[in-house]
Each structure stands twice: as C-alpha cells, then as structure tokens.
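Working notes, structure below.
Just so it is clear, none of the values below were taken in a lab; they were calculated from the coordinates. Bear in mind that the values here come from a model prediction, so they are computed numbers and not experimental data. Note that we place each Cβ from the backbone using ideal geometry, even for glycine, and neighbour counts take in every protein chain shown.
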Amino acid sequence: MSELTNIEARLKIAIKQSGQSRYQREEPDSESIRGLAEARDELRRIVESQAENHRAWDLLSLAEECLLAFRSAKRCLQTKCDLLDKVSKKDRKRLALLEVAIQEAENESERDDPDSIPNQREHGLDW
C-alpha cells in the first residue's frame with residue numbers, strides 16, 4: 001500500500017467519524033479532529049515534495065474542507081485542477097460549494113463582530 005493510499009484510508013475513516021455530510025460541512029466531531037489534522041499535515045508534506053501530485057492536492061483539499069479551512073481547501077482543489085488542465089463537473093461543483101462556504105463564513109464572522117456594524121456614523125455610533 002502506497003503512502004498516499006494509506007493516508008487516504010485514514011482520512012476517510014476520520015471523515016466518517018466527523019459526522020459531516022458531503023454537502024454540509026459543520027464543526028467536526030472532536031474525536032475526528034486529530035485524525036483529520038494528522039492526514040492534513042502528512043498531505044501538506046507530500047505536496048511540498050511532490051507539487052505535481054494532483055491526487056495529493058485533491059486529498060489535501062478534502063482534509064482542509066473537513067477542518068472548515070475553506071479558503072485553503074479551494075486553493076488546493078484549484079491547484080489540482082490546474083495540474084490536470086481541466087476541471088471535472090464534480091470539481092466545478094466542489095469549487096462552487098467552497099466559494100459559498102467561504103462567503104457564508106465571512107458573513108457569519110461579520111455578524112459576530114460587534115465592530116462591523118454597518119453605517120455606524122449614520123446611527124450615531126461613531127465612538
């Protein structure tokens with residue numbers, strides 16, 4: 001079994017433990033975070049030494065996505081697509097879903113940030 005195949009198998013186990021669905025990424029189960037992070041770290045090491053390995057980029061994208069690092073996941077998936085000089089229908093869908101997840105995360109962080117109230121001056125809130 002190759003190193004990448006071994007990492008992929010462990011990543012799939014961690015994803016299953018995470019309780020996440022393919023199209024609804026939420027905070028992974030705490031028990032799965034270690035396995036996801038270990039797989040991500042090993043995949044990062046592989047792409048550093050094998051930058052042309054599109055399969056490693058794809059798996060790294062998946063690990064990043066499961067850890068809710070949507071920007072990194074999108075960058076990794078785009079790198080994979082660039083290496084292949086084509087984008088499959090499945091990858092186009094994942095890229096679009098990652099972009100939506102990025103936007104939703106940004107919108108959520110803006111709602112949670114009390115300093116991001118729109119039109120503060122207009123409402124007399126310019127301290």
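Can you compute 3J(HN,Hα) from phi for each residue in segment 3-8, using the Karplus curve 6.51 cos²θ - 1.76 cosθ + 1.60 with θ = phi - 60°, rounded to whole Hz and x for Gly and Pro?
For segment 3-8, the Karplus curve yields 4, 5, 5, 5, 4, 4 Hz.
Which of the peptides 13-19, 98-104, 71-77, 54-60 is most tightly packed, and how do the rest follow, going by the mean number of other Cβ atoms within 10 Å of each residue? Intermediate values should be presented prior to the final figure.
Numbers: 13-19: 17.1, 98-104: 14.6, 71-77: 20.3, 54-60: 22.0.
Result, highest mean Cβ count within 10 Å first: 54-60, 71-77, 13-19, 98-104.
Just to be sure I understand the model, the point goes 7 Å from the Cα along the line to the Cβ. What's the resulting Leu4 to Glu27 distance in nm?
With each label point 7 Å from Cα toward Cβ, the separation is 3.5 nm.
Quickly work out the Gln50-to-Ala37 label distance, labels modelled 7 Å from Cα along the C-beta direction, and quote it in nm with one decimal.
2.5 nm
From the gyration tensor of the Cα coordinates in segment 3-105, what semi-axes in whole Å does the equivalent ellipsoid have, largest first, with each one equal to sqrt(5λ)?
Values: eigenvalues 77, 65, 22 Å².
Semi-axis lengths for segment 3-105 are 20, 18, 11 Å.
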